[in-house]
Amino acid sequence: TRTKQLAHAERLACLGTFSAGMAHEINNPNSFISGNVDFLRQFWQLGRPILEQNQHLDPSGRIGAFLKEVDETLDGMLDGSRRISKIVDSLKAYSRGGMESDKVECRLLDPVQDAGYLLRHRIKKGFSLKIEVPHAIMIVCDRQQMTQVFVNLLNNAMDAMEGMEELEDKRMTIAAELLEQHVWIRVKDRGPGISPDARGKIFEPFYTTKGKPKGTGLGLS
């Protein structure tokens, strides 16, 4: 047991060093991305009226169809960049020895729906997400961190079901209920489940059953 504790402490120390380095490396390209999104937004404000007036010149009709999606796409890109910035801030705080968070009161449904929105493109590829979270449940949390929890769990669920070609109903369900001043959240999928050998290790940093190319072992930890 002592050996396991030392190995666990060493992994955490390694993760702290890794976090500090990664935070620096991620910041530079993310600043480049957010700056370019701002430029595209300014360009789009000038270009959109011209395209709207001349969309009849496009016989395919694709320009007209895409016009409605550009604003939403740019907003999504900017939101993604902001999320990266917040993750980087969390990595910096972790490497200093304490996680900082911005806690707000929100509906539990909000981070659940945020996760569904962020994963919508993957979910469309053969999966379905059922949300059974009452509107009235309120929590105090860091909404971005809560969203990341659901993103990680749903990604794990889809990874587990992806290889099961015989499984026709690849459904995931997020359900919640309030019991005695506690909020109970259940995330279910129709995958094979977690083997007994792995259940005691799922929160260990760097432990993964997916293999190195696909899993980092950091999602649940």
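Taking a ≥ b ≥ c as the square roots of the eigenvalues of the Cα gyration tensor, an a/c ratio of 1.5 or more together with a/b no larger than b/c marks the stretch 56-193 as oblate.
Think of the stretch 37-156 as having a plus end and a minus end, set by charges on the Cβ of Lys, Arg, Asp and Glu; of Val88, Leu74, Leu57, Val88 sits farthest toward the positive end of this dipole.
A straight line joining the Cα centroids of the stretch 49-91 and the stretch 164-221 runs 33 Å. Taking a straight line from the alpha carbon of Lys68, these aspartates and glutamates sit under 15 Å away, with near neighbours fewer than eight places off in the same chain left out: Glu52. Distance cut-off 29 Å, Cα to Cα: go down the list Lys103/Lys170; Lys103/Lys125; Lys103/Lys124; Lys130/Lys210 and report the pairs above it. The answer is Lys103/Lys170; Lys103/Lys125; Lys103/Lys124.
Just so you know, all these numbers are worked out from the coordinates, no wet-lab data involved. The structure presented is a predicted model; accordingly, all values stated were derived computationally and were not measured. Glycine gets a Cβ as well: all are built from the backbone with ideal geometry, and neighbour counts include every protein chain shown.
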